[in-house]
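The values are calculated or read from the model by the stated rules, or taken from the named source; none is laboratory data. Since the structure is predicted, the reported quantities are computational estimates derived from the model, not experimental observations. Neighbour counts are summed over all protein chains in view; Cβ atoms, including those assigned to glycine, are modelled from backbone coordinates with ideal geometry. Quick note on the areas: whole protein, heavy atoms, side chains included, nothing else; ligands and nucleic acids left out. Shrake-Rupley method; radii C 1.70, N 1.55, O 1.52, S 1.80 Å.
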Amino acid sequence: MTAAPGAGRALGFDEDGVAALHATLDGLLAPWDAELEARYPGDDGSRQPVHTVYVPGDRYTAGLAPEWAARAREAVDAAGGGTDGVRRLVDLLGVGGGPVGDLADAVAERVRAKLAVEAIEDLRIDFEDGFGDRGDAAEDAAVTAAARELARAEAQGTATPFSGIRIKCLEAATRRRGVRTLALFVAELVAARAALLGADATAGLPDGFVVTLAKVTAPEQVEAMAVACERVEDANGLERGSLRFEVQVETPQALLAADGTATVARLVHAAPGRVTALHYGTYDYSASLGIAAAYQSMEHPAADHAKAVMQLAVAGTGVRLSDGSTNVLPVGDPQAVDAAWRLHGRLVRRSLERGYYQGWDLHPAQLPSRFAATYAFYREGAASALARLAAYVGFVPDAGGVLDEPATAKAMAWFLGRGVDCGALTEAEVRAATGLDRAGLDAVRVSGHAPQPVAG
């Protein structure tokens, strides 16, 4: 950059001195500039699922997503005491402090629609704890069948937007089995997609496909997983970097190393471009700390500490964060169902308020409370965000009553974009309130600058 005329005088020395100073500073800071750009690129704005559903590998079929959707609708209908079970659930969760008219109605309407068209956003076919150790022959057969079913689901239009598998960890006892499952599943999936989809399967893997690596204890395991992914890609003619994975934080060693350093910060950077997310494992982590089973929960102080450190580790990196699950299921008598829904809805809301925008669901009856709590969070926050963003971009002068800075405008655009992605808000609502279409919303999220509002 050329120094502005007179800059030398302002700094107390001549123009050559200014140029020399800038050159010196650029040289000193160039390594950090490059590292900052590489390690902290920021979130790319792509859709993050609000949940991940885990199912044992031998129970997955191409019809699982519509089956879970039907069971979720049956759960609210059975507990509804009337024709509008979803509205009763929304009231049960205390949206806006109880039955509040428009907000509760809007949430209920959107939850009904979600359960009809996209009840599962992210599906993980589990060959780890949910499958167990049944021997190589049984696991090979289940892996092959599940890969073919996933391709069939895509071909018949019943696949979820995001999907993947969880493999056994890379500790010595399970390393070979985990890698074998990874290699076999990818090979079968690529072959099945090619057979069923033909030219439409040229990319090899479905969009949104990710592998979950369980019980990570060291950055070296993340590095090793990256090597395994590279070899599997080469063996199947896949583009380098197309096979990505998320890291499950389920062990104390994943948070704190023997030398007192934060292992988790190193996990995030151990495989650049491969690691997509850190997922908190509620029960394995709690048990490893000696917490009694009755007190193992997403809101235990130990869980809050772990997730806060994870949140710091991923900040600015583009790696996402996911909370864990509750194993209290909405099943049994009506009182037990209501209590489980209240608990699940409260925990989902708690996670969202703390900046954890994804979690795990383990049963179809948890889907209604997941979406009811999530949609209430976004719709309650949208009124202020829309008004303030409208003022920021000049669509409605002086609206919102707050003088916002670019960083806050970015955050509001990001919040609204997430609400649209999951179905809590619509693009039409955002545009009507702010004058911004989705491209304009993304422009604010990235730059913090106000684009020209869309007319009409």
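Looking at this structure, is A391 free of Cβ contacts under 8 Å to residues at least 40 places away in the same chain and either in a loop (DSSP other than H, G, I, E, B) or open to solvent by 40 Å² or more (accessible area, probe 1.4 Å) (or both)?
The answer is no for A391.
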- prompt: Would you call L352 more than 18 Å from the chain's Cα centre (by Cα) and modelled with pLDDT of 95 or more?
  reply: no
task: Take E429 and decide whether it is open to solvent by less than 60 Å² (accessible area, probe 1.4 Å) and acidic (D, E).
output: yes
- request: Please specify each residue of region 173-199 satisfying the condition of being open to solvent by 50 Å² or more (accessible area, probe 1.4 Å), assigned to a helix (DSSP H, G or I) and aliphatic (A, V, I, L, M).
  value: V179, A191, A194, A195, L196, A199
task: Show the residue pairs that are 6+ apart or on different chains and have beta-carbon atoms under 6 Å apart, the first residue being within region 423-437 and in contact (Cβ under 8 Å) with a residue 40 or more places away in the chain, the second being charged (D, E, K, R) and open to solvent by 10 Å² or more (accessible area, probe 1.4 Å).
output: G423/R110; G423/K114; A424/R379
Selection from region 131-152 of residues that are open to solvent by less than 40 Å² (accessible area, probe 1.4 Å) and either touching a helix residue (DSSP H, G or I) at 6+ places or on another chain (Cβ under 7 Å) or of a type in the set (V, I, T) (or both): F131, E139, D140, A142, V143, T144, A146, A147, L150, A151
message: Every residue in region 408-423 that is at pLDDT 95 or above and of a type in the set (V, I, T), please.
response: V420
message: Exactly one condition in (1) open to solvent by less than 30 Å² (accessible area, probe 1.4 Å); (2) in contact with a His (Cβ under 9 Å, 6 or more places away or on another chain) is false for R71; which is it?
response: (1)
field: Residue tally, condition touching a strand residue (DSSP E or B) at 6+ places or on another chain (Cβ under 9 Å) and either over 14 Å from D129 (Cβ atoms) or not aliphatic (A, V, I, L, M) (or both), over region 155-167
entry: 7
- prompt: Here are L367, L389, L436: which of them is among the aliphatic types (A, V, I, L, M), touching a Phe, Trp or Tyr at 6+ places or on another chain (Cβ under 9 Å) and within 21 Å of V95 (Cα to Cα)?
  reply: L367
field: Out of D44, D16, D33, D26, sole residue that is open to solvent by 80 Å² or more (accessible area, probe 1.4 Å), among the charged types (D, E, K, R), modelled with pLDDT under 95 and assigned to a helix (DSSP H, G or I)
entry: D16
- line: Scanning region 110-130 residue by residue, those over 30 Å from R379 (Cβ atoms), open to solvent by less than 20 Å² (accessible area, probe 1.4 Å) and of a type in the set (D, E) turn out to be D126, E128
